[in-house]
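The values are calculated or read from the model by the stated rules, or taken from the named source; none is laboratory data. Keep in mind that what you see is a predicted model, and the values were worked out from it rather than measured. We place every Cβ from the backbone using ideal geometry, glycine too, and count neighbours over all the protein chains shown.
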Amino acid sequence: MKSLSGLDGSFLHLETPETPMHVGSLHLFDLPPDYKKDFYAEVRRLIERSLDLAPLYRRRLAEMPLHFANPVWTDGGAVDLDDHVRRHKLPRPGTRLQLERCTARLHAELMDRRRPLWEVHVIEGLQGGQAAFYMKVHHAVLDGAAGVALAKALFDVAPQPEGKAAAVRAVPARAEQPGLVSLASAALRHDAAQYVKLVRHLPDVFRLLAGMVKSSGAGSGEGPSALRQNFSFGPKTPLNVAITAERGFACVSIPLAEAKAIAASQEAKLNDVVLALCSGALRRYLAHRGGIPKKPLIATMPISLRESGNTEFTTQATLSLVSLATHIADPLRRLRAIRDASGAMKSVARRAQSVIPTDFPSIGVPWLVGGLASLYGKTRLASAIPPIANLVISNVPGPPVTLHAAGLPMRAYWPLSIVEHGLGVNITVMSYAGSLDFGIVVARKAVPDPRKLAQALLEAHEELKQRVLPQPAPAAKRKRAVIKKNRVVKILKGGNMHNPHHWYEFGLPQAPGLVRLALEGRAPWELGASIAAKPLLRLAPKGDGHPVLVFPGLIAPDVSTLPLRKFLRGLGYAASPWKLGFNLGPRDGVIESCLERLREIYEEHDRKVSLIGWSLGGLYARELAKVYPDAVRQVITLGTPFTGHPKATNAWRLYEFVTGHKIGTPEIHEPLRTPPPVPTTSIFSRSDGVVAWQCSVEQEGPLTENIEVEASHLGMGLNPMTFYAIADRLAQPEGEWKPFDRSGLRSMLYRNPRRSGWF
């Protein structure tokens, strides 16, 4: 008979139908083409062979009277494998997704406390000649490190099973059944010993707390220290809700050598890279579920308190908090921030290791902890209060060599752990045979599709790898990219010219006359109209928070687009200026800077960017979208001349004077007519006094459209009609673009852009 530690007992008391407290592992095996054995029978023999090597197989709980204290472990006697080893077969075709869903269902089921708290589920029917088994053990029995010790007892390092020495002990014919007196005495002896330990450690605890307070205030003066960041409340996210019993699971593996190379390049630990990969995955995932929080997510992370060589089947760990720096877009800067935060936390953990208890008094604890756990779940408090942490991340060092079971090599070793109310994601990582095997366990209430999170993790790894270990692109691909960028530079430096023989049904355009040019003086009144229409513009559709990059027109600075950007920010968009000063045309380095600006915003938000360009700025937006379409959500141009006669504008002489570039040949500018491969909207005005409106009319297609407004050229980016049209276009869900709807009351303001006549 052995008393449970306070920490082990807490896992029993915290358990509810919605929050099972067991951990597990999924083991994948390759079956030879000529495999004739019964895999299920082989696994049973494997378990039977190891029964005497791991005492947890026979441990059974003996409850205290009235549950007044932690139960004790007793020897349960002989084990009936039929109660613990079960068989499952996937329906055809037996995909990885089916395996993950089967494992998730098994992981959601509570274990029978009347028996030893472990189960093995053999899963057959996988495609590709594979088989697997899922093993789960209650967390009250072991932690991650003890799980590795169990694996050593269960598996072989060689294809042929080796004989393993076990302590010779008699197996009782009947299960041990302690009496009430012995149970009560065990509880009293245990608690008395723990009270003595607590009193002894109190001075050390006070010294530790004083040191932590001093350290947390030792920032540089430029912000909170790395340690203080770890102890900040995490932001509220879709991950932090009260959960149900439904689980999801996804597994993924990456090369261990690549993760180590990334760590070495940044003077970081492997664990820092694991945290950075999880951070990058969460940024990607949350970008599509309400946006990336401004505050960094906080991970709670187990820290082993197990001394070297200690293989006891008990939980010997504590929890720490680590900032994931998810507010930082650049992956390397984010990794370095995580490295600093994790290092500060580890320093505290090392100092606290000697005083952190893994055991404590238990009398009255089952009632208190169990009652609080039940109340916490039933009241759904986790969905209302700020989370101390947003998820759990655990990194467990595993065997460096390939393990075998029944002569079969194990191809993957994916761990599974616990999710709780308010912590709907648990990512546990096991290093195994040259791989990092990620087991992602989620509550379906928090993460409906864990496969998306797994894919985001792979993308985060690829991003870090490319930054640290850049792979040269194939020669042909590099050549195409260079040609593409040079073409953009060449096109824009030639001016806004187009083949004069290419026009649409409106006829050959000419520059606007003097009357329209004189009417450009109404631009300030258009700004005033937008201010007056502010109450009505509040009715414009709200945004989803995605980034927007705005380009000014010829000789215009960012201040010219400030009213538009302020309007868009009020709708929830991350509207940004181009930050290149006055637009003096495509001088040397301008196009490269625009591309870099687009890439910077895309990486910062991890979302596609909408591009808005006014006049000449619209040419930048269109051509950049052709070069980097994967980063662009849509393009909106305002009075931009991309077709028509080369001199159908009253600004062509000004263009040549400011830029120093002469109008080129039609062949150079032919590509300007081609729209980008993304949704594109051209907003124009028939009363434009600078650019002939026909030069801004796009040939309509599945991804192109025209919207006519009543505006001047100089006031188009300040006009309330333009503001509303832009808001309507940006509010469309990504991937669900549709042309502008002019029906109803809108038809009174937005006329048919393809009607005949000038007005």
State whether one or more residues within region 319-339 are of a type in the set (A, V, I, L, M), modelled with pLDDT of 90 or more, part of a helix (DSSP H, G or I) and surrounded by 24 or more Cβ atoms within 10 Å (Cβ to Cβ). yes
So how many residues does region 61-105 have that are out of contact with any Lys or Arg (no Cβ under 7 Å at 6 or more places or on another chain), under 30 Å from VAL369 (Cβ atoms) and assigned to a helix (DSSP H, G or I)? 5
Among the candidates GLU312, GLU267, GLU307, residue that is acidic (Asp, Glu), in a loop (DSSP other than H, G, I, E, B) and either modelled with pLDDT of 90 or more or surrounded by 19 or more Cβ atoms within 10 Å (Cβ to Cβ) (or both): GLU267
Mind checking whether some residue in region 610-620 is in a helix (DSSP H, G or I), in contact with a strand residue (DSSP E or B) (Cβ under 6 Å, 6 or more places away or on another chain), modelled with pLDDT of 90 or more and surrounded by fewer than 21 Cβ atoms within 10 Å (Cβ to Cβ)? no
Number of the condition not met by GLU600 [criteria: (1) in a strand (DSSP E or B); (2) surrounded by fewer than 22 Cβ atoms within 10 Å (Cβ to Cβ); (3) not aromatic (Phe, Trp, Tyr)]: (1)
Of everything in region 52-110, what is within 40 Å of the chain's Cα centre (by Cα), among the charged types (D, E, K, R) and farther than 22 Å from PRO20 by Cβ? Give them in sequence order. LYS89, ARG92, ARG96
Looking at region 639-653, I want the residues that are touching a residue at least 60 places away in the same chain (Cβ under 8 Å) and have a partner that is basic (Lys, Arg) with Cβ atoms under 7 Å, at least 6 apart or on another chain. Which pairs are those? PHE642/ARG622; PHE642/ARG673; THR643/ARG673
Considering region 674-708, residues that are more than 22 Å from PRO720 (Cα to Cα) and assigned to a strand (DSSP E or B), and then whichever is modelled with the highest pLDDT, we arrive at THR704
How many residues of region 559-573 are within 22 Å of ALA631 (Cα to Cα) and surrounded by fewer than 19 Cβ atoms within 10 Å (Cβ to Cβ)? The answer is 2
Do the conditions hold for LEU4, that is, is it of a type in the set (A, V, I, L, M, F, W, C) and buried (at least 16 other Cβ atoms within 10 Å of the Cβ)? yes
In the set PRO586, PRO535, PRO512, PRO552, which member is of a type outside the set (Asp, Glu), within 18 Å of VAL690 (Cα to Cα) and at pLDDT below 90? PRO512
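So that you can scan it fast, the table gives a plain yes or no per residue for (1) modelled with pLDDT of 90 or more; (2) surrounded by fewer than 21 Cβ atoms within 10 Å (Cβ to Cβ); (3) more than 29 Å from LEU180 (Cα to Cα); (4) in contact with a helix residue (DSSP H, G or I) (Cβ under 8 Å, 6 or more places away or on another chain):
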residue	(1), (2), (3), (4)
ALA41	yes, yes, yes, no
THR74	no, yes, no, no
GLY77	no, yes, no, no
THR103	yes, no, yes, no
PRO116	yes, no, no, yes
Could you go through region 438-461 and let me know if any residue there is in contact with a helix residue (DSSP H, G or I) (Cβ under 7 Å, 6 or more places away or on another chain), of a type in the set (Gly, Ala, Ser), surrounded by 20 or more Cβ atoms within 10 Å (Cβ to Cβ) and assigned to a strand (DSSP E or B). no
